[in-house]
Structure formats: C-alpha cells, structure tokens
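Each remark here refers to the structure printed beneath this line.
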Amino acid sequence: MEILGRTGSLCPVCLRRLPATRERRGDTVFLTRICPEHGEFRVPVWRGSPGLEHWQRPKTPSRPQRPQTGADQGCPFDCGLCPEHGQHTCTALVEVTQDCDLGCPVCFASSGEAREPDPSLAELTARLTRLRQDAGACNLQLSGGEPCVRPDLPDIVAASRSAGFVLIQVNSNGLRLAREPGYADALATAGLDSVFLQFDGSDRACTALRGRPLLDEKLRAIEACGRAGLGVVLVPTLVPGINDAELGLILDLALERQPVVRGVHFQPAASFGRFPWDPAVPRLTLPEVLSALAAQSHGLLQSGDFHPPCCEHAMCSFSGQFVLEQGRLRAVSRDESCCGPLEAREGARRAKAVTARQWATPDPEQPLPPGADDFQRFLARHAGRRRLSLSCMAFQDAWTLDLERVRGCCIHVAAPDGRRIPFCLYNLTAADGRTLYRGRC
C-alpha cells in the first residue's frame, strides 16, 4: 500500500467531514477514511492505466470573482461559492422543472417525486439575469427534470439568450423532440445552441436504465435537431454489466450521424438521487472508461489521444478533440487544444471556448472576435463540420467525495436561492437518501 495524497471527505452515512487518503494498492487507487461512528470506508476511485501520478496536473486556483458565502464551517458546508473555492463557473446548470415524462431508476434529481411548484418564467428570468451577472460569461445548461415538459421552454431559452450566455444547451431525454414536429425549430429560433441528449446505447440498455426501449426515439430526436440546426451531444450513463460494452456502438452511432452529433460525453453512474448503492457494487473509474473506449473503437482511438481537463481537477474528466477524415479519426494536437501547464483561469477560458464552438452546430462564416488570440484562431481553423469531441466526467457521490476535487469544480448548479453549488455537492445523497443541498436552498 502506498499513500499518494491526503485530502478530506465525508462519511457516506452521517456526512461528517473526515480526513482521507488516496491509497494505491496494485493498479487501483482507493479513497479511504474512518468515521468514529460508522467505521472505515475504502472505495476505488482510479483503476488501471494511465496511473494517477502520471495524469495529475497542478493548477493555480482561480477564485470566484463574486463569492456569495463566507468560509465559516469549512468545505463542503459553505457553498456557494465561498472565497476558498478554487475555480469560477465554466458551466452553470439551472433546473427549470422537477417534472419528467420518464421515471429513470438512475435519475440523480429523483425527478417526478413530491416537489415544489416549478418556478415561473418571470422568476427564471430574474435568476438567469442574476446568474449572468454573478458568474460572468459562462456556458448555460437548462436542466431538470425534463425541461421539454414545460410549455414555455422556448421563452426560457429566449430569456437566457437575452441574459447574454455564451452557449445555451438543454439537457433532455429527447422524447418531445422526437414526437413533435417543429419543436426543435422553435427552440432553435428562440436561441438554443445545443441538446445534451440522454443516450445510453441499445434498447436493452435503455430498458435497464430508463424503463423501456428508447433507441428509435433517440435517433428521431437527433434527426429533428439536425433539421433545426441544433448541435447534439450524446450523454450515456454507464453502468457495469449494462452498457459498458456498448461504447463502440455509441461511437459508431455518433460517427454515422455527424455533423449533427458534435460529441459524446460519457458519465459513469454515481450514487445520486434514485440510484443508491453500497461500496461493494462495481463502479467504473475514469481510466477504465478511457481504456474501454479505445479498445472498442475498432482501432480509431488510442488512450494517448485523450488528455486531462483544462479547468476542473484532473481526476474528474478526460477529453479529446478529433477530426473525421476519410472515415478515420485524427486527434487534434493536445498541445494546441487544451494541454500544458495552465493557470486555472486560462484553462477555464479555453474549456469554455472549446465547448461553445464544438457542441453547437458551427457557422462556417462566424467571424473571429476583435483581437482574437492564437487559441481562438486555432479553434476557428479546426471548427469544420466533421469534428467530434469525446469526453467523460466522473462525478463524485457520498462514497467517492474528495474535497480537493470539489474545490476545483467548475460545473455549478444555480440554486433557487441564487447560490452556485458544485454539481456533485448539490446532488450529494447520503446512504439514507438525505441530501446536503438539493431541496435545502
């Protein structure tokens, strides 16, 4: 056993803050801590190659420009964001409803259960305006629940556009987009750029994770978005034994449906909301997803094509940018796109720029901004319609929560009371279903 680092965590039962260590045993890194009341917890957080010591990238913190709370109780109890947080907002999520037309067993928001009434359009408009002022020029995701169940979603998109967000994206299961002619066009006309489409692979996987076969409806949603000029990012929730052998299938579907499909963003299931588990249940770590993706790509990808994140903690994600040329994927140079030693602020700027240009369907005539730097010119040069982004985000739950990672988070939920809470903290669910922030702010 080798100790790779010391951090902080929580007891997944009582949510008490505890000192924690990252311990390597063989090719696996465990997050380990001991609660005086509930005992020891040792959970795998990194398994396989590349080794964690070769993947980590130090960053200079980029503190929030407008902290909204003081640092009184200590992380993670002062969100958000407090002055000690190490990264400002790159992507902000605003939940516009808790209603949904599915009842997915893996829903992190427990959508459709007993809830408060949805915020009105006027309330959301005020929240969006305040968020833009507090968070600056960040990307925006309209989430839920299922945002498309709201009849006024085009109006919410228009209000978001008026507030001045860089990229406006909706998180959706795609059902209304698939069944209602003209709906995708209405969202595009209102100012939507992109759809973050729930997409778990085969009908077998959909049945296990969503309750029924959905593949045909997902493909029709992609077609509707293409006709409307909306970019689509496929978002598979990965569960061992369910769809972890379908990464190649999902990649094939994405390549077949370019240029409408702009990327695939894999998300290993985390124990949020309606998906409680115990530490003995198998879970996928970031390098396992990376290795599986390369192995299932029919030789199109290699592990070395991917790099650590620009802004969030290195243990949180990987990504790669690719150009499709004559049926082959060519990796865009890591050094040009998003790698090398960076301050967190510069990494965040690059990450937002890459996401905004890649995940929306690009306009080939879009002019460069005045005074564009080398990185912006690089993005414009590679913003062709045959480009695909591949990425993975490893969310933290009560079993895997690492406070060093939390302080580097740049994906924040804009809570109803105006605070910005790191995504994993907002959705954190204790073993008994108790939440830390969701439903409390």
Q) Considering only DSSP states other than H, G, I, E and B, which chymotrypsin sites (Phe, Trp or Tyr not before Pro) in the range 1-93 qualify as loop sites with at most 16 other Cβ atoms within 10 Å? A) PHE77
Q: Provide the net charge surrounding GLN296, with neighbours chosen by a C-beta distance below 10 Å and charges set as Lys +1, Arg +1, Asp -1, Glu -1.
A: -3
Q) For the range 1-131, with equal point scatterers placed on the C-alpha atoms only and solvent neglected, what are the log10 I(q)/I(0) values from the Debye formula at q = 0.12, 0.14, 0.20 1/Å, to two decimals? A) -0.79, -1.02, -1.22
Q: For the range 158-264, report the accessible area per residue in Å² (1.4 Å probe, heavy atoms, rounded to an integer).
A: 32
Q | 10 Å binning of all Cα-Cα separations within the range 37-85, expressed as whole percents from 0 upward | A | 21, 24, 34, 22
**Q.** FRET efficiency for ARG204 and GLU2, using Cβ-Cβ distance with R0 set to 45 Å, rounded to 0.05
**A.** 0.65
Q) For LYS59, what accessible area in Å² do you get when you roll a 1.4 Å probe over the heavy atoms of the protein chains, rounding to the nearest 10? A) 50
Q | Over the chain: helical MRE at 222 nm, DSSP H runs n ≥ 4 each giving -39500 (n - 2.57), nearest 500 | A | -7500 deg cm²/dmol
Q) Using r as the Cβ-Cβ distance of ARG25 and THR60, and R0 as 45 Å, what FRET efficiency do you calculate, to the nearest 0.05? A) 0.90
Q.
For the chain, give me the percentage of DSSP beta bridges that are antiparallel, rounded to the nearest 5 percent.
A. 55
Q. So what's the range 68-208 giving for Cα Rg divided by 2.2 N^0.38 Å, two decimals?
A. 1.14
Q. Which of rounded, prolate, oblate describes the chain, given a ≥ b ≥ c as roots of the alpha-carbon gyration tensor eigenvalues and a/c under 1.5 marking rounded, otherwise prolate only if a/b is larger than b/c?
A. rounded
Q. Carbon-plus-sulfur fraction of the accessible area of the chain, 1.4 Å probe, in percent?
A. 51
Q) Can you give the Kirkwood hydrodynamic radius for the range 180-300, in Å, rounded to one decimal and based on Cα pairs? A) 15.4
Q.
Just want to confirm a number: the relative contact order over the chain, from Cα pairs under 8 angstrom separated by 6+ residues, in percent.
A. 19
Q) Which whole-number percentage describes the relative contact order of the range 135-267, with Cα contacts under 8 Å and a sequence gap of 6 or more? A) 22
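The values are calculated or read from the model by the stated rules, or taken from the named source; none is laboratory data. Keep in mind the model is a prediction, meaning the values are calculated, not measured. Positions of Cβ are generated from backbone atoms using ideal geometry, with glycine treated the same way; all protein chains shown enter the neighbour counts. Just the protein is used for accessible areas: all its heavy atoms, side chains included, with ligands, DNA and RNA removed. Shrake-Rupley method; radii C 1.70, N 1.55, O 1.52, S 1.80 Å.
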